[in-house]
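Take a look at the structure set out below.
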Amino acid sequence: MEVEEIKLKDLKPEEFIGHRVKEISSAVGSGLAINALSGGVDSSAVTLLGHKALGDRLKTYFIENGLMREGEPERVASLFEKLDIQVEIIDARKEFFEALKGLTDPEEKREAITQAFYRDVFSRIVKESGAKHLLHGTIYTDVEETIAGIKRQHNILEQLGIDTEKAYGYKILEPLVQLRKPAVREVAKALGLPEEIYNRMPFPGPALTARVLGEVTPERIEIVRKATKIVEEELANTGAFQYFAILHANKVTGMREGKRDYGSQIEVRCWDTKDAVTASPTKLPHETLDKLAQRITSEMPGVVSVTYNITRKPPSMMEVV
Ligand code: XMP
C-alpha cells in the first residue's frame with residue numbers, strides 16, 4: 001500500500017491543515033473544484049479544508065440519494081450555512097434507486113452505489129460546473145480494508161488502479177487519506193467544526209444500503225430509516241461507538257390481534273470499539289432491549305421481530321452489507 005499513515009500521536013492538526021490547504025491550492029490552481037458533503041466528520045473536514053484553500057471556487061453539494069437518515073439533507077445544509085458555506089442539495093434519488101434495482105449481492109450493491117455516485121451524478125455535476133477536481137473524504141481505513149479485499153469501500157478508486165480522469169473526466173484529491181478516524185476528529189475540531197460533527201457517530205458511505213439485506217427499494221429504505229431513528233433515540237445515552245438498525249431480507253411469521261402476521265425482521269446492533277478493527281456488542285440492559293422491541297413493533301406495524309446481535313467482530317463485521 002502506497003499511502004503512509006499519520007498516527008494520532010504524531011499528528012499536529014494545525015500543521016496538517018496548513019499542508020493540505022497548500023496542496024489543494026496548488027493542485028487546483030485557478031480552476032474550480034467540487035465536493036460532496038454527507039454531514040459525516042470526514043466529508044465535513046474536507047469541505048472546510050477545501051473552502052480554506054479555494055473559497056468560493058469550491059462548490060459543495062449534498063447528494064440526496066434517498067438513502068440517508070431522516071431529515072439529513074436539510075440539517076446538514078443549514079449547519080454549514082451557519083459556517084458561511086453554501087451547500088447545494090442535488091436530488092439524485094431516481095439514479096440511485098434505478099442503479100440498485102434488482103440487486104441483492106452486497107458487493108454488487110456497493111458497486112452500484114459507486115457507479116451511480118461517480119459515473120452518473122458526479123460526472124454530470126462536474127461537467128455542468130466546469131470543475132476538474134473532486135475533493136473526497138477517503139480515510140486510511142477505507143484504503144486498508146479495500147486493498148485487503150475485505151470489502152469495497154465506495155470511495156476507493158485510484159487505489160484500485162482506476163484512473164478517474166480517464167473514466168469519469170476529473171481528478172480526485174483525498175486530503176485525509178493518511179488519517180484514521182480519531183485523527184480526522186482532531187483535524188475537524190481544529191478546523192472549527194461544531195462538536196455535533198467532529199464527535200458524530202460514524203455512518204457508512206453507502207448509507208442505509210449498508211443496512212438493508214436483499215433488494216434496496218424506496219419502501220425498504222423507509223422501513224430501515226424509521227427503525228434507525230428509534231434505535232438512535234433509545235441508545236443515544238449508551239456511550240457506544242455506533243448503533244443502528246438492519247432490515248433482514250426474509251419476512252417471518254408473527255401474530256397481531258390473534259391473527260397471523262407475516263412481517264419484517266429488524267436486527268439491532270450496538271458496538272463498543274476503539275478503532276472499528278475489532279469490536280464487541282455493548283452489554284445493553286434487558287430493559288433497554290425490551291423497550292426497543294416494544295417501540296419498533298408498535299410504531300412500525302409491518303415489523304414482527306426485533307433481534308439484537310451478540311457476535312463480536314471478527315468474525316462479524318459491524319455493518320451487514
Ligand atoms: P465494518 O462493517 O467494516 O465497519 O466492520 C467498520 C466501520 O466502518 C464503517 N463502514 C463504512 N464506512 N463506507 C464508509 O464510509 C463504507 O463502505 C463502510 N462500510 C463500513 C462502519 O459503519 C463502521 O463504523
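The values are calculated or read from the model by the stated rules, or taken from the named source; none is laboratory data. Since the structure is predicted, the reported quantities are computational estimates derived from the model, not experimental observations. Cβ coordinates were reconstructed from backbone atoms using ideal geometry, including for glycine residues, and neighbour counts include every protein chain displayed. Remember, those area values only see protein heavy atoms, side chains included, never the ligands or the DNA or RNA. Shrake-Rupley method; radii C 1.70, N 1.55, O 1.52, S 1.80 Å.
So which residues in region 168-211 are modelled with pLDDT under 95, within 12 Å of the ligand (Cβ to nearest atom) and in a loop (DSSP other than H, G, I, E, B), if there are any at all?
Arg180, Arg200, Met201, Pro202, Phe203, Pro204, Gly205, Pro206
Results for (1) open to solvent by less than 40 Å² (accessible area, probe 1.4 Å); (2) of a type in the set (Asp, Glu), shown as yes or no for each residue.
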{"site": "Lys7", "(1), (2)": "no, no"}
{"site": "Asp10", "(1), (2)": "no, yes"}
{"site": "Val21", "(1), (2)": "yes, no"}
{"site": "Ala27", "(1), (2)": "no, no"}
{"site": "Ile34", "(1), (2)": "yes, no"}
{"site": "Asp56", "(1), (2)": "no, yes"}
{"site": "Ile63", "(1), (2)": "yes, no"}
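Only one of these is touching an Asp or Glu at 6+ places or on another chain (Cβ under 6 Å) and closer than 30 Å to Tyr118 by Cα: Ile221, Ile246. Name it. Talk me through it step by step, then tell me what you get.
On the way: Ile221 fails: touching an Asp or Glu at 6+ places or on another chain (Cβ under 6 Å).
Sole residue among the options that is touching an Asp or Glu at 6+ places or on another chain (Cβ under 6 Å) and closer than 30 Å to Tyr118 by Cα: Ile246.
Looking at (1) at pLDDT 95 or above; (2) open to solvent by less than 40 Å² (accessible area, probe 1.4 Å), which one does Asp272 not meet, given that it meets all the others?
Among (1) at pLDDT 95 or above; (2) open to solvent by less than 40 Å² (accessible area, probe 1.4 Å), Asp272 violates only (2).
Going by what's in this entry, would Pro218 be described as open to solvent by 10 Å² or more (accessible area, probe 1.4 Å), under 27 Å from Pro73 (Cβ atoms) and within 16 Å of the ligand (Cβ to nearest atom)? Quick ask: steps written out before the conclusion?
Numbers: open to solvent by 10 Å² or more (accessible area, probe 1.4 Å): yes; under 27 Å from Pro73 (Cβ atoms): yes; within 16 Å of the ligand (Cβ to nearest atom): no.
Criteria not met by Pro218.
Could you say which residue among Val224, Val177, Val187 is without any contact (Cβ under 8 Å) to a residue 60 or more places away in the chain, surrounded by 19 or more Cβ atoms within 10 Å (Cβ to Cβ) and not hydroxyl-bearing (Ser, Thr, Tyr)? Show your work before the answer.
Working: Val177 fails: without any contact (Cβ under 8 Å) to a residue 60 or more places away in the chain; Val187 fails: without any contact (Cβ under 8 Å) to a residue 60 or more places away in the chain.
Every option except Val224 fails the conditions.
List pairs: first in region 299-321 and under 16 Å from Thr253 (Cβ atoms) and away from the ligand (no atom under 11 Å from the Cβ), second modelled with pLDDT of 95 or more and among the aliphatic types (A, V, I, L, M), Cβ under 6 Å, 6+ apart or cross-chain?
Val303/Ile266; Val303/Ile296; Ser305/Val252; Val306/Ile266; Val306/Ala293; Val306/Ile296
Give just the number: which of (1) away from the ligand (no atom under 16 Å from the Cβ); (2) within 18 Å of the chain's Cα centre (by Cα); (3) β-branched (Val, Ile, Thr) does Ile246 not satisfy?
Of everything listed in (1) away from the ligand (no atom under 16 Å from the Cβ); (2) within 18 Å of the chain's Cα centre (by Cα); (3) β-branched (Val, Ile, Thr), Ile246 misses just condition (1).
Spot the failing condition for Leu79; the list is (1) within 20 Å of Leu134 (Cβ to Cβ); (2) more than 16 Å from the ligand (Cβ to nearest atom); (3) open to solvent by less than 30 Å² (accessible area, probe 1.4 Å), and only one is missed.
All conditions pass for Leu79, except number (1).
Taking the conditions exactly as written (within 30 Å of Tyr140 (Cβ to Cβ) and modelled with pLDDT of 95 or more), does Tyr262 satisfy them or not? Even if it seems obvious, please write down each step before you answer.
Working: within 30 Å of Tyr140 (Cβ to Cβ): no; modelled with pLDDT of 95 or more: yes.
No.
Conditions: (1) part of a helix (DSSP H, G or I); (2) in contact (Cβ under 8 Å) with a residue 12 or more places away in the chain. Gly18 meets all but one. Number of the miss?
Here Gly18 clears every test but (2).
With the condition kept exactly as written, say whether any residue in region 47-57 is in contact with a Gly (Cβ under 6 Å, 6 or more places away or on another chain), farther than 15 Å from Pro194 by Cβ and not acidic (Asp, Glu).
Initial filter on region 47-57 (in contact with a Gly (Cβ under 6 Å, 6 or more places away or on another chain)): none.
Checking region 47-57: not a single residue is in contact with a Gly (Cβ under 6 Å, 6 or more places away or on another chain), farther than 15 Å from Pro194 by Cβ and not acidic (Asp, Glu).
Name the pairs whose Cβ atoms lie under 8 Å apart, with the first residue in region 68-83 and under 19 Å from Gly192 (Cβ atoms) and in contact (Cβ under 8 Å) with a residue 60 or more places away in the chain, the second in a helix (DSSP H, G or I) and of a type in the set (Val, Ile, Thr), and 6 or more positions between them or separate chains?
Leu79/Ile197
Please determine whether any residue of region 275-296 is touching a Phe, Trp or Tyr at 6+ places or on another chain (Cβ under 6 Å), within 16 Å of the ligand (Cβ to nearest atom) and open to solvent by 20 Å² or more (accessible area, probe 1.4 Å). Even if it seems obvious, please write down each step before you answer.
Narrowing region 275-296 to residues touching a Phe, Trp or Tyr at 6+ places or on another chain (Cβ under 6 Å): 279, 289.
Subset that is within 16 Å of the ligand (Cβ to nearest atom): 279.
Now drop any that are not open to solvent by 20 Å² or more (accessible area, probe 1.4 Å), which leaves none.
No - not one qualifying residue is present in region 275-296.
I'd like the full set of residues that are closer than 21 Å to Gly39 by Cα and either touching a Gly at 6+ places or on another chain (Cβ under 7 Å) or open to solvent by 20 Å² or more (accessible area, probe 1.4 Å) (or both), limited to region 98-114. Walk me through how you get there before you give the answer.
If we filter region 98-114 for residues that are closer than 21 Å to Gly39 by Cα, which is where we start, we get 110, 113-114.
Matches in region 98-114: none.
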